[in-house]
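Undergrad: Sharing a structure with you now.
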Amino acid sequence: MNKRITGLTLSALLFALSVSAEAQQATKVPRIGYLSATDPASDSARSEAIRLALRELGYIEGKNIATEYRYAEGKQDRLPALAAELVRLKVDIIVVAAADTAILAAKNATKTIPIVMMGAGLDPVEAGYIESLARPGGNVTGLTNLTGQVGGKRLELLKEAVPKVARVAVLYDPATPDSVHDVKEILPVAAGALGLTLRSWEVRATEDFDKVFAAISKWRPDGLYVPRRSPLMRANEKRIVGFALTSRLPSVYGSKISVDAGGLMSYGTDPADSYRRIATYVDKILKGAKPANLPVEQPKKWELIINLKTAKEIGLTIPPNVLARADKVIK
C-alpha cells in the first residue's frame, strides 16, 4: 500500500513538474533587438510606429513581447559592437532601422538570429545581404527601398516643378553607402538625360556645413538635391533647409520629414505602410517562418510631397500638372 502511495505521489510530482515546465515555456516572452544608427529622439517616430503596428497584431510591450533598443547616436563605428551586444543577449529577432551600415553590422554579428531590414537604400542582392529578393536564402529579410533607383525620378520631378533649373548642387554624407551610390552611379546618368549640370559636395561632420554652404553659394546653382537623411544630415536638417530657403534654392529630398521642416519637395516611400509591413515580418518569424523563405519586398507606396509655403517664400510657382500628382500639399 505504501509503495502504491509512493508511486502515486511520485507520478503526481513528475506531472506537476511537467506542467510547470510547460507553463514556463508557454510564458516565455520573445525579445526583439532594435538596432538604429541614430539616437532615441530622432528615431522615436519610427520606433513608436513599429511598436503600435506590433500591438495591432497582438504584441504588447512588456506583456508578450520585449524590445532591447540599441542606438549608435550617429556614430557608425559603434554599430558592430551594438549588434554583437544584441547577439549576446540572445534576442529572437533583430530589427534594423533603415541603414545599410547597420544591416551589415547585424549580418556580420550573427548568421542564425533572424534579421529584418527596414528599407535601406542599397540593392540588398548586390550588397550581399541576401541571395535574391524572392528567396533571401540566409537570416536576412524585410524591406528594400532601392532608393538609388529613384534618384533619377527625384531629379526629374525637380526639373518638372522648376523647368528653368539647370545647375543642381548635391549635398550628401559619404558615410551613407546608398547616398554614395546615388551620387556616383545614378544621378550623373539621370542628369545627362535631363540636360542638368550636377556638382556634389560631401559633408563629413557638423563643422563642415558652413564651409560647404559657402562653396555651393559661390558655384551659384539653381537647385539643391539632398539624397538621404543620414544621422549627420538629420541632426543638421534645419540648417540644410534654412540654407535652401535663404539662398532661394528649390530643393528636393528623399524624406517628407525634410519637407515638413521647410524643404520644397520630396519623393519617397510611405513610412506608415513600411512600418506595418515590418511588424508583419516580425509576426511571421515569431510564428515559425524562416527568413530564408520570406521574400524581400519592395515599396508599394511612394509619396510626392510639396510645400507650397516654401514655394511662395522663395518666389516659385509650381506647375498645376505637378501639383495634381502630389500625394500631399503643405499650404
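The values are calculated or read from the model by the stated rules, or taken from the named source; none is laboratory data. This structure is a prediction, so every number in the text was calculated from the model and none was measured. Glycine gets a Cβ as well: all are built from the backbone with ideal geometry, and neighbour counts include every protein chain shown. Side chains are part of the model used for accessible areas, which takes the heavy atoms of the whole protein and leaves out ligands, DNA and RNA. Shrake-Rupley method; radii C 1.70, N 1.55, O 1.52, S 1.80 Å.
Undergrad: Out of all the residues in segment 201-239, which are assigned to a helix (DSSP H, G or I), within 28 Å of Glu160 (Cβ to Cβ) and more than 25 Å from the chain's Cα centre (by Cα)?
TA: Residues satisfying the conditions are Val212, Phe213, Ala215, Ile216, Ser217, Lys218, Trp219.
Undergrad: Among the residues of segment 82-102, count how many are under 18 Å from Asp43 (Cβ atoms) and either modelled with pLDDT of 95 or more or more than 18 Å from the chain's Cα centre (by Cα) (or both).
TA: Residues flagged as under 18 Å from Asp43 (Cβ atoms) and either modelled with pLDDT of 95 or more or more than 18 Å from the chain's Cα centre (by Cα) (or both) within segment 82-102 amount to 9.
Undergrad: Identify, please: which residue in segment 43-58 is in contact with an Asp or Glu (Cβ under 9 Å, 6 or more places away or on another chain) and of a type outside the set (A, V, I, L, M, F, W, C) and is, among those, most open to solvent (accessible area, probe 1.4 Å)?
TA: Looking at residues that are in contact with an Asp or Glu (Cβ under 9 Å, 6 or more places away or on another chain) and of a type outside the set (A, V, I, L, M, F, W, C), I get Arg55.
Undergrad: What are the residues in segment 149-204 that are in contact (Cβ under 8 Å) with a residue 40 or more places away in the chain, within 21 Å of Asp100 (Cβ to Cβ) and open to solvent by 40 Å² or more (accessible area, probe 1.4 Å), if any?
TA: Result: Lys153, Ala175, Pro177, His181.
Undergrad: I would also like to ask the following. Of all the residues that make up segment 32-42, how many are within 16 Å of Glu61 (Cβ to Cβ) and open to solvent by less than 30 Å² (accessible area, probe 1.4 Å)?
TA: 3
Undergrad: Something else: Determine whether segment 285-305 contains at least one residue that is surrounded by 20 or more Cβ atoms within 10 Å (Cβ to Cβ) and without any contact (Cβ under 8 Å) to a residue 60 or more places away in the chain.
TA: Yes.
Undergrad: Condition check: over 29 Å from Glu48 (Cα atoms), in contact with a helix residue (DSSP H, G or I) (Cβ under 7 Å, 6 or more places away or on another chain), of a type in the set (Ser, Thr, Tyr) and surrounded by 14 or more Cβ atoms within 10 Å (Cβ to Cβ). Does Ser266 satisfy that?
TA: No, not satisfied.
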